[in-house]
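Everything below concerns the one structure shown next.
The values are calculated or read from the model by the stated rules, or taken from the named source; none is laboratory data. Everything numeric here is computed off the predicted structure, so don't read it as measured data. Positions of Cβ are backbone-derived with ideal geometry, glycine not excepted, and every protein chain shown enters the neighbour counts. Ligands, DNA and RNA are stripped out before the accessible areas are found, and what is left, the full protein with its side chains, is counted by its heavy atoms. Shrake-Rupley method; radii C 1.70, N 1.55, O 1.52, S 1.80 Å.
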Amino acid sequence: MKNKLIILILFILTITLTSGCSNYRELNNLAIITGVAIDKSDDKYELSFLIANSPKAQTSSKEGEATTTVFSGKGDTLIEAANLIDNKSPKQLYYGHINVVVISEEVAREGFLKIADWLLRNPETRKQFYLIQAKDTKAKNILKIVEPLESFPSQSIASLIESNITAQSISSSIKYSPFIEKILDKGFDPMLPSISIEGKVKKGSTEKNTEKTEPETYLKLDDTAIFREDKLVGYINKKESQAVNLLTDNATEIRYEFKYNGNNLVFISNKVNNKTKVKDFNSIDVKVQGNGYLGEVDGKISLQKPSTVEKIEKELNKSIKKQLEKTLTKVKDEYKSDILGYGNKIYVKYPKQWDKIENRWNDKYLQKLKVNIDVDMTIESAGSLIRTIEEVRK
């Protein structure tokens, strides 16, 4: 609790003090950091910086070498590791343009608050960078992968997160400040998108990786990392991540795959909303509503009959409800994590009762909480094809 209070005070002070330009430095004298990776190695912190404008002069012209540079340093503290990187860099390190901070699984399982202090205290960081979890690889390897569509790996990561959230709602986007707020708030646990590497790191860290029509190595948005307070406890897959976004009213557009009479269908909607209401101290009602159309129908299904569309709609709602309930059970019972923020809603409505159970919420009362889920999705259109291609061929 003491650590949380210290972080909260620093968080407020840094947000207040970091606006404006405190000093001016020549751009040519700066090594601009666009990405940061935090690993553990030999019981020490290994800190890595992706430098946007400082490739080594003697190697930058060699064929196949990356135009960006990753500097790393080890230390018992992050400040010690950063000082070692500062000694290696020919230019002064500048933290004001950090776009992404990647943390390793080992660091995340030990607890994010252990590293939050260093990120908060630095007056140059804007605290608006993306946080992302490295999965099945070292965090610094993520910064090394060069991809064809963006100039720097840090931009690739940010674009990857944003596109998957907007297009499919299968991930979660969170920046540093909201992540800290959820750790410090009552009845909330945070989550982070994770990222992994498809291919070999060595091949992906050179400019040759961008010269092929299909890169040999690329970054892939992976499962969503689930935290309990500030510690990583596990992952949920993309379909479960979509379910979480539906339950938390963070789904902008969904593409939901389901089956009807053995055929694969895809329901697409960009009009989804969630109404969550605390019924009483031990019960919450959740209603997920939306409308959309069938974007894909795989099979011989006649969509001309309203009765058929009604049956498909019923199966769609049944499938979504089952997925929401399955995901809810995994998160609150298996991981004992309240990423849905139900504890916070109960705290707001019953603050006195909450004070008595707060310390046992995740371990005991969260599992006892009854969540009543109702799904009401409407199929307004069958898409551009009233009769599927398979049906026409009959």
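Starting from 0.36 nm per residue, how many nanometres of slack lie between Asp42 and Ser381 once their C-alpha separation is accounted for?
Values: separation 339, 0.36 × 339 = 122.04 nm, distance 5.83 nm.
Extra length from Asp42 to Ser381 when fully extended: 116.2 nm.
Count the net charge of all other residues whose Cβ sits under 12 Å from the Cβ of Lys127, scoring Lys and Arg as +1 and Asp and Glu as -1. Taking every Cβ under 12 Å from that of Lys127, the sum is +1. A simple rule links phi to the HN-Hα coupling: the Karplus curve 6.51 cos²θ - 1.76 cosθ + 1.60 with θ = phi - 60°, which for region 298-312 gives 9, x, 8, 10, 7, 9, 6, 8, x, 5, 5, 4, 5, 5, 5 Hz, with x for Gly and Pro. 3J(HN,Hα) along region 258-267, derived from phi through the Karplus expression 6.51 cos²θ - 1.76 cosθ + 1.60 where θ = phi - 60°, amounts to 8, 10, 9, 6, x, 9, 8, 10, 10, 9 Hz, with x in place of Gly and Pro. More than 25 angstrom separation, counting every C-alpha pair in region 195-351; what % is that? Distances greater than 25 Å cover 49 percent of the Cα pairs. Per-atom-type breakdown for region 197-312 gives carbon and sulfur 42% of the accessible area (1.4 Å probe, protein chains only). For region 277-387, the equivalent ellipsoid derived from the alpha-carbon gyration tensor has semi-axes of 39, 13, 10 Å in decreasing order.
Set the Förster radius R0 to 51 Å, insert the Cβ-Cβ distance between Lys220 and Lys352 as r into 1/(1 + (r/R0)^6), and round the FRET efficiency to 0.05. Present the calculation step by step, with values, prior to reporting the outcome.
Details: r = 47 Å, r/R0 = 0.92.
Using R0 = 51 Å, I get an efficiency of 0.60.
For the residue pairs Lys88/Lys186; Lys144/Lys321; Lys277/Lys318; Lys88/Lys135; Lys220/Lys300; Lys279/Lys314, alpha carbon separations beyond 32 Å are given by Lys88/Lys186; Lys144/Lys321; Lys220/Lys300.
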